[in-house]
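Structure record follows, encoded as structure tokens.
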């Protein structure tokens with residue numbers, strides 16, 4: 001394949017890139033109208049996150065962030081109340097039609113708001129993107145989704161009961177495998193799906209649901225079988241959060257022979273953070289579905305390959 005800067009290839013990609021720019025403007029304007037402040041946190045951090053299976057790029061004694069989550073929560077502790085981030089994020093070893101090692105994320109937080117409000121935000125952001133792209137439908141491969149139809153909301157437990165031929169595994173690799181193989185491909189077909197109430201073992205940064213301590217206030221947004229966003233009712237208990245971070249890093253060390261440092265400053269800030277909800281959304285994926293692009297490289301200005 002020719003390099004991305006080849007004139008012919010760039011000409012073919014340019015309509016996607018022009019639409020990307022239009023969507024980016026529209027998304028920012030939506031947040032501004034809603035009263036959000038755009039944050040610009042440092043990209044280098046002492047700890048890039050809490051995820052067991054995500055890898056990060058090391059830069060000296062620090063890491064490129066895999067999400068600005070820890071920094072954004074510190075800003076909430078400092079007194080910010082409605083924050084959004086629209087910028088670059090890095091995850092090592094991720095490449096494919098829906099993945100790039102350097103990608104663009106939208107991440108936002110509402111203090112003193114239930115996570116159902118963030119779910120509503122997610123649906124509206126996708127609609128904003130579709131309008132900016134002039135698209136009545138979202139498309140991925142052979143599937144389509146009407147973003148303007150009311151989104152379906154379903155618990156993980158109910159989704160497994162309805163869509164998976166085997167009982168829902170208790171957690172870990174078996175849960176993830178069953179979710180990816182049997183459940184995810186059927187979500188967001190025709191209308192967007194908000195999959196909510198994940199098992200507590202699958203939500204290291206989310207608070208427990210008040211009606212059921214075995215599940216967390218975690219949700220994911222799907223369209224055309226593609227995950228677009230991952231959000232939480234945020235855990236603010238520093239003691240429980242420390243225990244979950246240690247458990248996640250123990251598992252990372254067991255599986256991959258590495259562990260990330262615990263961000264003590266983040267844990268200290270949690271004691272001052274208000275009850276909040278937040279979400280991370282893959283901006284490039286939203287652009288892909290709104291434009292009908294077939295590969296993430298079609299919508300990146302300067303793709304890695």
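The values are calculated or read from the model by the stated rules, or taken from the named source; none is laboratory data. Small disclaimer: the values here were computed from a predicted structure and weren't measured. With ideal geometry, Cβ positions are generated from the backbone for all residues, glycine too; neighbour counts draw on all protein chains shown.
Taking the stated definitions as given, is residue 169 over 26 Å from residue 117 (Cβ atoms), in contact with a helix residue (DSSP H, G or I) (Cβ under 6 Å, 6 or more places away or on another chain) and modelled with pLDDT under 95? In short, yes. Listed by first and then second residue, the pairs linking a residue in the stretch 160-181 that is without any contact (Cβ under 8 Å) to a residue 40 or more places away in the chain to a residue that is surrounded by fewer than 16 Cβ atoms within 10 Å (Cβ to Cβ) and in a loop (DSSP other than H, G, I, E, B), with Cβ atoms under 7 Å apart and 6 or more places separating them unless they lie on different chains, are 178/166.
Could you say whether any residue in the stretch 112-131 is part of a strand (DSSP E or B), surrounded by 17 or more Cβ atoms within 10 Å (Cβ to Cβ), at pLDDT 95 or above and more than 17 Å from the chain's Cα centre (by Cα)? So far as the stretch 112-131 goes, no, none of its residues is part of a strand (DSSP E or B), surrounded by 17 or more Cβ atoms within 10 Å (Cβ to Cβ), at pLDDT 95 or above and more than 17 Å from the chain's Cα centre (by Cα). Residues in the stretch 263-283: is at least one over 18 Å from the mean Cα position of the chain (by Cα), in contact (Cβ under 8 Å) with a residue 60 or more places away in the chain and crowded, with 23+ Cβ neighbours inside 10 Å? Scanning the stretch 263-283, I find at least one residue that is over 18 Å from the mean Cα position of the chain (by Cα), in contact (Cβ under 8 Å) with a residue 60 or more places away in the chain and crowded, with 23+ Cβ neighbours inside 10 Å, so the answer is yes. Just to be sure, is residue 296 surrounded by fewer than 21 Cβ atoms within 10 Å (Cβ to Cβ) and either within 20 Å of the chain's Cα centre (by Cα) or within 24 Å of residue 58 (Cβ to Cβ) (or both)? Spelling it out, it is not the case that residue 296 is surrounded by fewer than 21 Cβ atoms within 10 Å (Cβ to Cβ) and either within 20 Å of the chain's Cα centre (by Cα) or within 24 Å of residue 58 (Cβ to Cβ) (or both).
Among the residues of the stretch 93-106, those that are modelled with pLDDT of 95 or more and either crowded, with 18+ Cβ neighbours inside 10 Å or not in a loop (DSSP other than H, G, I, E, B) (or both) comprise 99, 100, 102, 103, 104, 105, 106. Inside the stretch 205-214, residues that are buried (at least 20 other Cβ atoms within 10 Å of the Cβ) and within 21 Å of residue 49 (Cα to Cα) make up a count of 3. When residue 196 is tested against (1) over 18 Å from the mean Cα position of the chain (by Cα); (2) buried (at least 21 other Cβ atoms within 10 Å of the Cβ), exactly one condition is not met: (1).
Note on the stretch 40-56: residues that are assigned to a loop (DSSP other than H, G, I, E, B) and surrounded by 16 or more Cβ atoms within 10 Å (Cβ to Cβ) total 10.
Do we find a residue being crowded, with 16+ Cβ neighbours inside 10 Å and under 17 Å from the mean Cα position of the chain (by Cα) anywhere in the stretch 169-186? Yes - at least one qualifying residue is present in the stretch 169-186. Go through the residues of the stretch 238-249 one by one and say whether even a single one is crowded, with 16+ Cβ neighbours inside 10 Å and farther than 23 Å from residue 107 by Cα. Scanning the stretch 238-249 turns up at least one residue that is crowded, with 16+ Cβ neighbours inside 10 Å and farther than 23 Å from residue 107 by Cα. The set of residues in the stretch 57-89 being in contact (Cβ under 8 Å) with a residue 40 or more places away in the chain, closer than 22 Å to residue 260 by Cα and surrounded by 19 or more Cβ atoms within 10 Å (Cβ to Cβ) consists of 63, 67, 69, 70, 72, 73, 74.
Selection within the stretch 1-39: residues that are assigned to a loop (DSSP other than H, G, I, E, B) and more than 19 Å from the chain's Cα centre (by Cα). The member of this set that is nearest to residue 281 (Cα to Cα) is 34. If only residues of the stretch 69-92 that are under 14 Å from the mean Cα position of the chain (by Cα) and assigned to a strand (DSSP E or B) are counted, the one that is nearest to residue 25 (Cα to Cα) is 86.
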